[in-house]
Structure formats: C-alpha cells, structure tokens
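Input: a single structure, listed below in structure tokens.
The values are calculated or read from the model by the stated rules, or taken from the named source; none is laboratory data. Computed from a predicted structure; not experimentally measured. Cβ sites come from the backbone with ideal geometry, for glycine too, and all protein chains shown count toward neighbours. The protein model used for the area step is the full one, side chains on, heavy atoms only, and it has no ligands, DNA or RNA in it. Shrake-Rupley method; radii C 1.70, N 1.55, O 1.52, S 1.80 Å.
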Amino acid sequence: MAPAISAEELAHAGLQLAVEGAVATITLDRPQVRNAQVPRMWAGMARILGELGPEVRVVVVRGAGGTFSAGLDLSLLDPSQTDEEGNFIATLAASDQEIIDQIGIYQLPFAMLADPRFITIAVVEGHAIGAGFQLALSCDLRIVAEDARFCMKEPALGLVPDLVGTKPLVDAVGYARALEICATARFVPGDEAGEIGLAQVVVPAAELDGVLAATIDALTAHVHGAVTATKRLLQEAPSRSLEDQRLAERTAQVARFRALAGG
Ligand code: ACO
C-alpha cells in the first residue's frame, strides 16, 4: 500500500513519490534551488518512509533536475527571511535541550533510511552538498554519475554535520579520509567517490537509470526475509564482539529455518 500522503502535501514538502511494486522512489523536487532541503521536506520524507508497505524492498532517493541536493536551504540561516519555516537563528532563543530535541526530529528521515525492511539507494547526479551529502550517506548504497560532486560544507559554515552523516562516512571511507573530507570541506568528484568506497558504482549520467534498474533487479532477486535479516546482522556487526555476532547469526538463522519450514 502506498503512503497516504496527498499530491498537495508532496508538492508542499518539495518531494515526488512513486511506488511501483517493490520499489519506492523519493525525488527531492525543488530544482529551482538545486533541491535545497527544508524541515517540511524532512517531515514529508519521514512520513513516507514510515508509511511504506511491507511489499517495498528498495527505496531510491534522488534529486530532480540533474542535481542531488545543494544541502540545507540557506535562507534558513538568514534572519531576514520569512519562509514559513522561520529561520534557524530564531531557534537560539530555545534551551539547549529543546534545540537538541528539534534536531533529533530533523534527523528522523535520515535515520529511517537505515531501516532493515528495505535497501536504500541514493542516485547522485551533480552536487550533494552538506545535508545532501548526508542524505546520500544515509542510504545503504550510492550509485553515482561521473559528474557527481560531494562536499561536507558544514565546517566551512562553522557548523558540524548533524544529519546522521558522520557515522556512515567513517564507515565508508575510514576515519582519516572522513576527517580530511570534512575538515577541508573540499569537493569529492564522482570518480574519487568510487575509488575510496563512497560510491558503489560510478557511471556516465546517461547510464544511471540502466544501472539502477539492474541493481534493483539483483537486490530483489532473493528471499526478502533473508535479505532483511542479513542487513540487520551486517549493520550490527561493527558494534558486537565476534562471540556476540556469532550468537546473533545463530539466532537469526533459527528464525530463517522456521520461516522456510513454515512455507
Ligand atoms: N539554499 C538555497 N538556495 C540555493 C541553495 C541552497 N543551499 N543552493 C543553490 N540555491 C539557489 C541559488 O541561490 C540560485 O537561486 P537563484 O536562481 O534565485 O539565483 C539557484 O539555487 C541556482 O544556484 P546556482 O548557484 O546558480 O547553481 P550552480 O549550479 O551554479 O551551483 C551549487 C550549484 C554548487 C550547489 C551552488 O548553488 C552552491 O554552492 N549552493 C550552496 C551550497 C551550500 O552551501 N549548502 C549548504 C551546505 S551546509 C548544510 O547543508 C547543513
């Protein structure tokens, strides 16, 4: 069952949604501002991800108009702006805990992309800056065009990356490379993203859709429950001892045996 979010709500959030069989595609759709992100977009994404039916096995995240996302909508950092979202400077009147809680709400859709129920794929063309880079990092896999350019811009703005991107970045490229990319806020081009493990596939932009379709076919070829349980095991492996991971494998296998025996 597709999420109940209406066309008007999607447009308001700056999103497109297509659910076709086992594949849900969420497209950031504010191309006039290079798919810059605003809190109503994050709320819309959280709602979509929370309402996806059990038939959905793959979630694709991409951007409209040849750009993945230019990150946070910079008008939110401008006290003179009067967008319906207000601006982030105004939130400084709140207590530390209130700000922490608010950012926790903003982080929700990024964290939800790790849900073992589905495999998430960022399809990255053009820029993925700041919150855009973190959105791509929050997906399990990144299929990237040669023209892609990743940048963790936050330190250059005096901020830290706070939208769930730091852990997957370290997991993908290691601590030293992650620090170098963040501290310099440099642009990482598509070919380098492939070489350092940030992207699983790098192709000319014209080949993105074909590679995506083939990847989705391969990812959905096998038993859904087995793939879900395996994703969970792999996600949890870094935080467990070998002994604990062995136990987790045995325990997960019992559930698989019983599911297979039950038909
Ligand atoms: N927020 C709001 N508007 C934006 C943003 C943004 N993050 N990025 C681009 N836009 C707007 C531009 O203001 C411009 O608007 P205009 O047509 O009314 O002048 C339009 O999108 C097109 O932008 P250009 O800069 O003309 O596009 P170009 O392709 O030359 O460059 C690029 C794209 C590299 C993404 C550039 O726009 C840019 O550097 N944007 C800002 C990136 C940024 O600093 N993001 C915040 C990171 S920190 C964080 O996410 C927490």
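General remarks:
- Point-charge dipole on Cβ atoms (K/R +1, D/E -1) for the chain, about Cα centre, debye to 20: 820 debye
- At an R0 of 45 angstrom, the distance between the Cβ atoms of residue 244 and residue 75 translates into a FRET efficiency of 0.45.
- The loop-placed GluC sites (Glu not before Pro) in the range 30-84, going by DSSP, that have at most 12 neighbouring Cβ atoms within 10 Å of their Cβ come out as 84.
- Computed with a 1.4 Å probe over protein heavy atoms only, the accessible surface of the chain comes to 49 Å² per residue.
- Here is the size of the range 205-263 from its Cα atoms: Rg then Dmax, 15.5, 46 Å.
- The accessible surface of the range 163-228, taken with every protein chain in place and a 1.4 Å probe, is 63 percent carbon and sulfur.
- Semi-axes of the equivalent ellipsoid for the chain, Cα gyration tensor, largest first, Å: 30, 21, 21
- Heavy-atom SASA rank of 224, 12 (probe 1.4 Å, accessible area, largest first): 12, 224
- From helices alone, the chain scores -13500 deg cm²/dmol at 222 nm; the rule is -39500 (n - 2.57) for each run of n ≥ 4 DSSP H residues, then divide by the residue total.
- When the surface is traced with a 1.4 Å probe over the full set of protein chains, residue 147 keeps roughly 80 Å² accessible.
- Ranking 127, 80, 145 by Cα position along the charge dipole of the range 80-155, where only Lys, Arg, Asp and Glu carry charges on their C-beta atoms, puts 145 farthest toward the positive end.
- Distance cut-off 21 Å, percentage of C-alpha pairs in the range 72-211 lying past it: 46 percent
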